[in-house]
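Accompanying notes for the structure given below.
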Amino acid sequence: MTLEQIVAAALAEDLADAGDVTAAATVPADATAGAAFVAREAGVVAGLAAVHAVFAAVDPEVVVEPRVADGDHVEPLTVIASARGRTRSLLAGERTALNLLSQLSGVATATSRYVAELDGTACAVRDTRKTIPGMRDLQKAAVVAGGGVNHRRGLYDGLLVKDNHAVAAGGVAEATRRALAAADGLPVQVEVDSLEELEEALAGGARSVLLDNFDHNDLPAAVARCRRQDAPVFVEASGGIALGSAWAVASTGVDAIAVGALTHSATALDIGLDFAPPEG
């Protein structure tokens, strides 16, 4: 979904046909106001384009001015962006804008914590397809804002041979060979969960492997085995890698860790929209 489609769906969900009935009852139609998006806690910002898109859809005359950029770290009470326009319009878009900004900033913040944890290593932090339906492009942009790296966007732009593919193909090696033969320039990665499956993947010609839910004690041996290949093999680890265990996994020499929690479980950053008191 495009940003505009996401915003349209979110606003339709919130406003329906009646619009903001509370604002219509309490706020004069010609009243104007200024407001500020303010961080309530420290974190990394993402989703400013979504704020612009929300108010552009509600009322193109609302002026939104960012005070920081996506990827910037903010402390509590930092003004992230300001908005000025019809009071009813600001109120109509407030929750949708905050929902998107807070959720995406939460993704960026979670990603930045993993990146900071791995500082000093060569290990990248990558996302997954475990995203909120319809929000994938926005969430993946937020991962990048937090210093992470995107994995494939969907089933269409890369081949990832998983356990069910291997079962259907008659084994990891055969599934790997079939994927490589059909790739037509797309990247191919093979998921394995044991040293035995790793050997099968390498025998099938794998040049990128995903060590999924690997026994931590076997990770160094898996990395060493891949490094002995004549051609380089990209080694990624995945499977419930918590922030506290990320360094230990990275220290085994893997090239990347994949963290589904960046997008499916990130806590929204606490951000509020504060209206300025009326003048006069």
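Where a number appears in this text, it was derived from the coordinates with a stated rule and is not lab data. Remember, predicted model here, so these are calculated numbers, not experimental data. Note that each Cβ is placed from the backbone with ideal geometry, even for glycine, and that neighbours are counted across all protein chains shown.
Could you let me know the centre-to-centre spacing of segment 158-233 and segment 31-97, using Cα atoms, in angstrom?
Using only Cα atoms, the two centres lie 45 Å from each other.
Sort R84, R126 by Cβ crowding within 10 Å, fewest neighbours at the top. Let's see the in-between values first.
Working: R84 16, R126 22.
Ascending Cβ contact count within 10 Å gives the list R84, R126.
Once the principal axes of the Cα atoms of segment 120-199 are found, what is the range along each, listed largest first in whole angstroms?
Dimensions of segment 120-199 along the principal axes of its Cα atoms: 40, 33, 23 Å.
Sorted from fewest to most neighbouring beta carbons within 10 Å, what does the list V149, V45, V188 look like?
Details: V149 15, V45 29, V188 19.
With the fewest neighbours first, V149, V45, V188 line up as V149, V188, V45.
Cα-Cα pairs above 21 Å in segment 24-171: how many percent?
When all Cα pairs of segment 24-171 are counted, 54 percent exceed 21 Å.
With every atom except the alpha carbons ignored, what do you get for Rg and Dmax of the chain, in angstroms?
Radius of gyration, then largest Cα-Cα span, for the chain: 23.0, 77 Å.
Before rounding to the nearest 500, sum -39500 (n - 2.57) across all DSSP H runs of length at least 4 in the chain and divide by the residue total; then give [θ] at 222 nm in deg cm²/dmol.
Per the formula, -13000 deg cm²/dmol.
Taking the Cα centre as origin and putting +1 on Lys and Arg beta-carbons and -1 on Asp and Glu beta-carbons, what dipole magnitude results for the chain, to the nearest 20 debye?
Roughly 340 debye, rounded to the nearest 20.
Using only the alpha carbons, work out the radius of gyration and Dmax of segment 116-264 in angstrom.
Gyration radius and largest Cα-Cα distance of segment 116-264: 15.0, 41 Å.
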